[in-house]
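Take a look at the structure below.
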Amino acid sequence: MDRMNGLKRTQYCNDFDMTKVGTEAVVCGWAAKRRNLGSLIFVDLRDRTGIVQLAFDEDTTDPALFEKAGTIRSEYVLMAKGTVRERSSKNKDIPTGDIELFVTDLRILGKSETPPFEITDDCNTGELTRLKYRYLDLRRPALQQNILMRHKLTKVTRDFFDENGFVEIETPMMIKSTPEGARDFLVPSRLHKGEFYALPQSPQLYKQLSMVAGFDRYMQVARCFRDEDLRADRQPEFTQIDVEMSFVEMEDVLTIGEQYMKRVFKEILDIDLPLPLPRLTFQESMERFGTDKPDTRYGMEIYDLSDTVKGCGFGVFESALEGGSVRAITAKGGAAAVSKKGIKKLTEEAKGIGAKGLAWIRLDDEGLTSSFDKFVPAETLAAMAECGGMEQGDLALIIADTNNKHVLSILGALRQTMAKKLDLIPEGVYNLLWIVEMPFFEYDEELGEWVAMHHPFTAPMDECLDYLESDKGNVRAQSYDMVLNGIELSSGSIRITDPVLQSRIFDLLGLTEEESQMKFGFLLDAFRYGAPPHGGFGLGLDRLCMQLLEADTLRDVVAYPKIKDASEPMTNCPSAVDSEQLTDLGIAVLREEEES
């Protein structure tokens, strides 16, 4: 292999155009493709910016250099010096397709074995293999552009908040474990045997303490960790744009969040985002879309049939009205798209998420038919179809249950399924909105008690303070979520700064005074020394990047992701450690056979 010996790159591969013809340049990269035409050899050289063609001509190239060019193989690491000239056969598919570099000096800096898959964007090799060789997968232009866009997004973020008076403060990565929400990743202490640090689920407590410290505008591009099951938009470690502001009310925080998103959309996608963003209360979002993360790029909203079916005589509907409701969605064109077999699959899906069954109405060439024709009068069926705005070719899906929450959430899931089936989701459309007035508590049916929907530092709305203890179901929080195309990007709230109210909330959540002091005593102590009113939010950088790129999974925007079992195929982690390390930590590993 050759050495650089003082030769330096002068340009990246994508920096060439016709204005550079006649100039000398040095480029570096990987051989993407070699074409040997006998007296001519062409090599596509690839770096992170793109591709430029290297040219070798047997008649005019030094014979030894021409012979060396013939030894180049895919993914060899090259450095080439030469003169830029116009190509005789141009390639309109790449930005540098009008020119080529006629090589006068070639260095082969690294050789490569045959890669386990072709380094191209249309590679059809399985994802697990590509993740095992992630360093090769990341050479693919599409993935490189994703990572470069993520870099740009991070820079835009820091620039925006710096220009708006925010101070970036690094908070600790090893913190006190205060189990709330997801499971903590724990780190054993060598110096304090039997005791553990936790990796932060968010910098929540430290950013609030920074407000007490007088840094009235804080931000951080923070690494966070949650030991929970993976899915397409969730990784065990993730990056959060973390923001906190003092001397603010909710409107102030929403305004800075909106201005940030406007900046992002303009600089990343060149889209002028109209402000203010739409707002839905939690209740309205659930009633219309069956979720607090609605995708508003398409319609098919939920409607209530309870009054229409009242007294119809159908036992399923009548019993549901005893405390619950009968609701539906109308899928335009669904009658033709969903066969009887398809209805059966939808029914199985509905049952899988808690439905007792799925009723339907179809309006097609056979007229108005339903799964419950025998049990309701014709006029009731017609009234139900009219209520749903049904037209020829439509299909209505109906859920009846004594629990309204179940009705809405099941229809919300079916709405998403039908939108995909009917291809209703437009590309290149970005619908952002806020969800506000979230419930403070939710009833856990398994535990048989009320639990907090948010972290315990979220402030209740002022008008709810009088019935915090007596009417938990109607207590609303000063919280807000930002949603983009059905994905929650950001969650935040105005915080409690009154130690008396904070202790009252801890009590409502079942924490004794001793437990509150043990877990959060440092925060309560801090509030005794003058805590300004403050609030903020955490916004998922990975998810935002995924949405801006319209990617299917976070793995497309994270350089080194984990797979569904939270492992990393490339390095085979997690893995066992030496017994000496465990001894130093005072830890013994209980093997599975010992447990049984």
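The values are calculated or read from the model by the stated rules, or taken from the named source; none is laboratory data. Being a predicted model, the structure only gives us computed values, none of them experimental. Cβ placement follows ideal geometry from the backbone for every residue including glycine, while neighbour counts extend to all protein chains displayed. Surface accessibility is based on the protein's heavy atoms, side chains included, excluding ligands, DNA and RNA. Shrake-Rupley method; radii C 1.70, N 1.55, O 1.52, S 1.80 Å.
Some notes on this structure:
- Note on exposure: I108, I169 ranked by accessible area (1.4 Å probe, complete protein assembly) read I169, I108, with the most exposed listed first.
- For the chain, with +1 on Lys and Arg beta carbons and -1 on Asp and Glu, the positive-most of H534, V264, M300 along the dipole: V264
- Heavy-atom accessible area, probed at 1.4 angstrom with all protein chains present, ranks K564, K356 as K564, K356, highest first.
- Burial order of peptide ranges 67-74, 381-388 (average beta-carbon count within 10 Å, highest first): 381-388, 67-74
- Cα centre as origin, Lys/Arg/Asp/Glu Cβ charges: the stretch 249-347 dipole, Debye: 880 debye
- Convex hull volume per residue in cubic angstrom - Cα atoms of the stretch 289-383: 124 Å³
- Cα gyration tensor shape for the stretch 391-484, rounded if a/c is under 1.5, else prolate or oblate: oblate
- Of the three principal axes defined by the Cα atoms of the stretch 149-242, the extents in descending order read 45, 37, 23 Å.
- Using heavy atoms of the protein chains and a probe of 1.4 Å, the accessible area assigned to Y206 is about 80 Å².
- Coupling constants for the stretch 310-316 follow from the phi torsions by the Karplus curve (6.51 cos²θ - 1.76 cosθ + 1.60, θ = phi - 60°), and in residue order they are 4, x, 6, x, 7, x, 4 Hz; glycine and proline get x.
- Placing unit charges on the Cβ atoms of the charged side chains and taking the dipole of the chain about its Cα centre, the candidate lying farthest along the positive direction among L548, L106, V187 is L106.
- The stretch 407-548 - charge dipole about Cα centre, Lys and Arg +1 at Cβ, Asp and Glu -1, debye rounded to 20: 620 debye
- Note that the stretch 443-523 shows a convex hull volume over its alpha carbon atoms of 128 Å³ per residue.
- Gap separating the Cα centres of the stretch 141-171 and the stretch 1-48, nearest whole Å: 31 Å
- Each Cα pair of the stretch 42-161 feeds into the Kirkwood radius, which the Stokes-Einstein equation turns, at 4 °C and 1.567 mPa s, into a diffusion coefficient of 78 µm²/s.
- Restriction of the GluC sites (Glu not before Pro) in the stretch 403-442 to DSSP coil positions whose beta-carbon has at most 13 other beta-carbons within 10 angstrom yields E427.
- Computed on protein heavy atoms with a 1.4 Å probe, the accessible areas place V589, V376 in the order V589, V376, largest first.
- Cut-off under 5 Å, modelled amide H: who pairs with A477 long-range: M438, F440, M461
- Computed with every protein chain present, the accessible area of W30 is close to 90 Å² [probe 1.4 Å].
- In terms of its C-alpha gyration tensor, the stretch 95-159 has an oblate overall shape, because the principal axis ratio a/c (a ≥ b ≥ c, square roots of the eigenvalues) is not below 1.5 and a/b does not outweigh b/c.
- Whole-Hz ³J(HN,Hα) from phi, Karplus 6.51 cos²θ - 1.76 cosθ + 1.60, for the stretch 76-88, glycine and proline x: 4, 8, 10, 10, 9, 10, x, 10, 6, 9, 6, 6, 7
- Per residue of the chain, the DSSP helices (runs of n ≥ 4 H) give a summed -39500 (n - 2.57) that works out to -8500 deg cm²/dmol at 222 nm.
- Net +/- balance of residues flanking D481 in space, Cβ distance below 13 Å, scoring K and R +1, D and E -1: 0
- Average projection area in nm² (convex hull over Cα atoms of the stretch 47-113, one quarter of hull surface): 5.0 nm²
- The candidate values were (i) -0.40, -0.53, -0.68, -1.14; (ii) -0.47, -0.62, -0.78, -1.18; (iii) -0.33, -0.45, -0.59, -1.14; the one computed from these coordinates for log10 I(q)/I(0) by the Debye sum over Cα atoms at q = 0.06, 0.07, 0.08, 0.11 Å⁻¹ carries the label (ii).
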